[in-house]
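What follows is a short report on a single structure.
The values are calculated or read from the model by the stated rules, or taken from the named source; none is laboratory data. Please read these numbers as outputs of a predicted model, since none were measured by experiment. Neighbour counts are summed over all protein chains in view; Cβ atoms, including those assigned to glycine, are modelled from backbone coordinates with ideal geometry. In case anyone asks, the SASA skips ligands and DNA or RNA and just uses the protein heavy atoms, side chains included. Shrake-Rupley method; radii C 1.70, N 1.55, O 1.52, S 1.80 Å.
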Amino acid sequence: MEWLKGLAGRVRKEQVDQDEAPEAPTEVEIVQPLLETAQEHRERWRSVYIIYFTMFQMSLGFSIVLTGVWPYLDKLEPGSKKEILGVAVGANPLGQLLFSPLLGLWANRAGSVRVPLLTTLALFVVASTLYAQLHLTRPYAKYWMVFARFLVGVSSANVAVARSYLSSATLVSERTRAVAIVSLAQVLGFVVGPALQAAAAPLGPGPPYPPPGDYSVPLRLDMYTAAGWINAVLGFVNFLLFLPWCFKERKIAAREAMIAQGTDSEKEALKALKPDKVSSWTLVLAFFVLVFNFVLLETLATSLTMDQFAWSKRQALEYMGALMSVGAVVACITFATIGPLTKIFEERALLLWGGFLLTGMASILCIPWGPGPPPLAPANATEAGGGCPQETQPWCAESRGINVPQFLAGYICISVGYSLGVTLIQTIFSKVLGPRPQGVWMGILTGAGCLSRALGPIFVSSVYARRGPDATFGSTAALTLAALVALRVVYGRLRPPPLAPTSPRALPHELRELNAADKRGEPT
């Protein structure tokens, strides 16, 4: 039994030894009062809490439209193809991917994160308002929808800036907890967004649109535009939080490294601490796969259930919103259990056998089992919903159908697996990088998530619409298994880098342990 535990990575003794080793020296505890005053400590943590809210809000800004974008687009321009759905959803992460490095460079050159964050939040409010007012752009609404979602993506590139600030505003002993909470904030944003969209379903689709060019009703509030208005209000609140009266920049990581190493500059202190690039890049690729799976299922869920269960647009929004609300509760429970679970199992083992194995199972469960085909939509249907449209998706008549219990089981698996995986990947990633500024590497990790969110919706249009759920979920299951194997190969390297041995003479004089000569006042 012990051999099997060791094979699965469940024995925590090795990890406990490594986790406790950096905490053994007491000089960091002695130095901490020298790093900041009590007032600065309060201001620093207030700024960190604002970063948490920003990460939550940016994730929510992406996910809140996922279940409503397809019926909204179909109402704006009936008969729209699913290819436009993929482009509209993928425009957001594409903008984030392209502008993350530029915003990071801007923040580095400015030496401050305030102006880049305020600028992007203002853009977020404008873009969200445009999404809520797309009826004014007909007959070109689909192009303006893509543009609006692209602008939201550009504004949400501030996630890289926020991560960079988080790594510089936390002590080494605080960083794992801070990264874990950021992961929680992001996941909650992803799962709460569709629930808010579902909460707006009672508003209904609203009255028919006036003819294009008629601007007699400039403002519109219905179950589709509510997502844009919610984003705009939250974005404005977030903008206010970054004003100088509330957000105080307190960067402490570099000061901590210099004092702990007894050097005169940050570069000298961190020169010997080099992250393992093999394990770092493996984690980046694994993060891409994990986010890809989650975004794919969330993007596809509405149209999939309309095809497979013959749900109407309103039913799909309401039922999927309720299911995603359950997923949010499951995610919260999962996060609450991560702490106790890591006392029993290794973080690395939980990542593999909890995060990635469950995520792979979700894909397998979404492969149609049958026994019969999905319900077919009427041949003369003018709008999506009510069954699988075999005229535009020929595989409908040949594929087996997905039953409700297997779909529910798959969604619960992805809710638990993604919550475990995304938290543990970012936590382990932070540990692998060691006590160093992590802005560049966190930007790379953010870029991997952006790329997966951009490719996921395109995958829906290029694979699901043409090949059906068999090819879609079969390929994602294989991709997840490959990521699991890659992580198992580098399993032994998923650990913090050993701290450079520090000579007592390298420490500041007041932090050195007194030897016999020091106590007698003799020269050493």
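Annotations
- Stretched out straight at 0.36 nm per residue, the stretch from Ser462 to Val404 would grow longer than its current Cα-Cα span by 18.4 nm.
- Protection proxy ranking of 98-109, 227-238, 61-72, 331-342 - average other beta-carbon atoms within 10 Å, highest first: 61-72, 227-238, 98-109, 331-342
- Multiplying the residue separation of Ala310 and Phe236 by 0.36 nm and subtracting their alpha-carbon distance yields 22.8 nm.
- Sites Leu98 and Cys332 - FRET efficiency at Förster radius 45 Å, r taken between beta-carbons, to 0.05: 0.85
- Under the simplified labelling scheme, the Trp245-Ala199 pair shows an inter-label distance of 2.7 nm, with each label point 7 Å from Cα along Cα→Cβ.
- Exposure ranking of Tyr319, Tyr224 by accessible area [1.4 Å probe, largest first]: Tyr319, Tyr224
- Residue-level accessible surface for Tyr140, protein heavy atoms, 1.4 Å, Å²: 140
- 24 Å Cα-Cα threshold exceeded, pairs from Lys277/Lys431; Lys142/Lys313; Lys81/Lys313; Lys251/Lys431; Lys251/Lys277: Lys251/Lys277
- Taking all protein chains together, Lys81, Lys142 sort by accessible area into Lys81, Lys142, largest first [probe 1.4 Å].
- Amide H contacts of Cys388 (H built 1.01 Å from N, in plane; Pro and chain starts excluded): Leu376, Ala377 sit under 5 Å, all sequence-distant by 5 or more or on other chains.
- Potential extension, Ala478-Leu105 segment - 0.36 nm per residue separation minus Cα distance: 130.6 nm
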